[in-house]
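Step one of this worksheet: look at the structure below.
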Amino acid sequence: MPTTLYRNPLTDILFEQSREFMGIYHVEHGWFTHVNTAGYQLLGYPSAQALYDDPVHTLRTQQMTPAEWDGLRERVLRDGHYEFEAEMRRHAGPPFWATVELTLLTVDRQHYFLVRLTNTDRLHTAEHRLVQSVEQFEAVVSHATIGIVMCNQAGAIVLANNKAHALFGYPDHSLVGVRIEALVPTAVRGYHEQLRASFNAHPAARAMGHNRDLLAHRRDGSEFPVEVSLSYFHLDEELFVVAYVIDITFKKDAERELRAQHQRVARLNAELEQKVADRTHALETTLAQLELRSQELSQALAAERELGELKSRFVSMASHEFRTPLTGVLTSAALIEKYTGAEQQDKRQRHLERIRTSVKHLTDILEEFLSVGKIEEGRLEAHPTRVELPTLLSEALQEAEGLRKPGQRVEQDFRAVEPLWQDASLLRKVLVNLLGNAFKYSPDNTAVAVRATTQDQWLTLSVQDQGIGISAEDQEHLFERFFRARNAANLPGTGLGLYIVARYLELLGGTVKLQSELGRGTTVTITLPCGNHSAD
């Protein structure tokens, strides 16, 4: 066949300049009549002529039998095209795998095959390595000495090794398709479905059954203790969970035997110690009674001293805090009696307002006493609800409004504040106390700054004033009952407010800290957990 067959610029591009083997094979003569440059170079020939002159007349490492060649030729002649994969030899160099494409050409009643070879050696090597890896994986899983069970996101088992079938009493290959709950004791299957859904939502490699015993369910209905650890992976965007199961029956038996041995040793030790104790019982009893009496006496003396201090503080506070509003009530009541004319209604109204203010002050004092009593008797409990902090602050400001002085203003700075799950009543009382102190101990025309932010499920809230401040010496005692700072001794107050705040925050799971400097104001900062919003 002439080498100029179909020769034109297009065939030069498609045939001669191809980077793959392209050749024209004369079917009757059984060998190539034309091969492109990339073709003979791929096969390791120095030239196309060297390939034409090669007496072997085959490109395959294993030459086809006459019957195989006849079958291949007839198929191409019949279908016009055929493709297969084979290992190709090189004239110089190692063999390689290639995809062989045969296309029928008929010219002047002569049959030719247009042969195209695509080097797939890397792909074939990769496939071979993949097969080896899969076989190695299957060997490791199948012959592992622990049970391995893999299930999909729906809980259906997709793989189980030989050990898993043996542990759970199933015939080989029969676990595939079974739901994972079939391997869980009947009593906890419903709960296990919830656990599986939770794991699917937040998968993480971990051990199961922390600090509790796990049991597995065999096909025959029996149960046995196990240790289970979980891992996971995603394939084509689907979650698969792998459970590694170890039968710890022997371990549990050994633990029970060890506990029994410990109990026997303990009994022997107890008998020996009892004999020693019997001989020294009288002396120990006497010493214990003496020590008890000494402790009781020390506690009684300490309680007596504390009670004396509290009585002194209470008398001092009560004599001032009760006397002032009661005096105001009596004075206003006496003056009201003198204002009998209708034109004096505004004066009567002013004194009635003073009476109401004094009575409210007394009520607040009694409320603080009652709160302290409930706290110390343990009768106060927190009842969490959903709390919107801006709304709660608005309510607290309304309650503390009576203490606000002329020109005092509140500056709010809330940043990324989330709803809380806390006791709204206790938290409101905390805010009322802090705001009331800020108003009370600050001069007119000053600002009280309330700042709040939420981070990592914790709320940080501060109340900053520009008031008289507190000395470092007094700050050490501010959260004690009935304690008043020396520079606030002439101002109204029971000395219970910050004590109640600290105890309320203990109930709420929070903390309080105070920063202050004389003449430069005070900042009180509370920190609270945002709580659990699962009930929202």
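The values are calculated or read from the model by the stated rules, or taken from the named source; none is laboratory data. Being a predicted model, the structure only gives us computed values, none of them experimental. Cβ placement follows ideal geometry from the backbone for every residue including glycine, while neighbour counts extend to all protein chains displayed.
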Tell me, which residue of segment 177-203 that is over 29 Å from the mean Cα position of the chain (by Cα) and surrounded by fewer than 15 Cβ atoms within 10 Å (Cβ to Cβ) is nearest to VAL141 (Cα to Cα)?
-> GLY177
Can you spot a residue in segment 125-141 that is farther than 30 Å from ALA86 by Cα and either touching a strand residue (DSSP E or B) at 6+ places or on another chain (Cβ under 7 Å) or assigned to a loop (DSSP other than H, G, I, E, B) (or both)?
-> yes
Determine, yes or no, whether GLU411 is outside any loop (DSSP other than H, G, I, E, B) and loosely packed, with under 13 Cβ neighbours inside 10 Å.
-> yes
With the condition kept exactly as written, say whether any residue in segment 388-407 is β-branched (Val, Ile, Thr) and either in contact (Cβ under 8 Å) with a residue 40 or more places away in the chain or more than 21 Å from THR527 (Cβ to Cβ) (or both).
-> no
Exactly one of ALA216, ALA243, ALA182 is out of contact with any Ser or Thr (no Cβ under 9 Å at 6 or more places or on another chain), modelled with pLDDT of 90 or more and within 14 Å of GLY147 (Cα to Cα), and that residue is ALA216
Would you check if ALA156 is surrounded by fewer than 14 Cβ atoms within 10 Å (Cβ to Cβ) and either in contact (Cβ under 8 Å) with a residue 12 or more places away in the chain or of a type in the set (S, T, N, Q) (or both)?
-> yes
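Please indicate, with yes or no, whether at least one residue in segment 54-61 is touching a strand residue (DSSP E or B) at 6+ places or on another chain (Cβ under 7 Å) and surrounded by 15 or more Cβ atoms within 10 Å (Cβ to Cβ).
Scanning segment 54-61 turns up at least one residue that is touching a strand residue (DSSP E or B) at 6+ places or on another chain (Cβ under 7 Å) and surrounded by 15 or more Cβ atoms within 10 Å (Cβ to Cβ).
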So which of HIS124, HIS143 ends up being surrounded by 14 or more Cβ atoms within 10 Å (Cβ to Cβ) and more than 23 Å from ASN36 (Cα to Cα)?
-> HIS124
Restricting segment 204-221 to residues that are within 20 Å of LEU175 (Cα to Cα) and aliphatic (A, V, I, L, M), the one surrounded by the fewest Cβ atoms within 10 Å (Cβ to Cβ) turns out to be LEU215
Within segment 168-190, is even one residue in a strand (DSSP E or B), in contact (Cβ under 8 Å) with a residue 12 or more places away in the chain and in contact with a strand residue (DSSP E or B) (Cβ under 8 Å, 6 or more places away or on another chain)?
-> yes
Only one of these conditions is not met by GLU418: (1) in contact with a Cys (Cβ under 8 Å, 6 or more places away or on another chain); (2) surrounded by 16 or more Cβ atoms within 10 Å (Cβ to Cβ). Which number is it?
-> (2)
So how many residues does segment 207-239 have that are touching a residue at least 60 places away in the same chain (Cβ under 8 Å) and not in a strand (DSSP E or B)?
-> 0
Within segment 505-523, can you find the residues that are under 19 Å from GLY436 (Cβ atoms) and of a type in the set (Ser, Thr, Tyr)?
-> SER516, THR522, THR523
Matching residues in segment 62-96 - criterion: being part of a helix (DSSP H, G or I), charged (D, E, K, R), free of Cβ contacts under 8 Å to residues at least 40 places away in the same chain and surrounded by 13 or more Cβ atoms within 10 Å (Cβ to Cβ) | ARG75
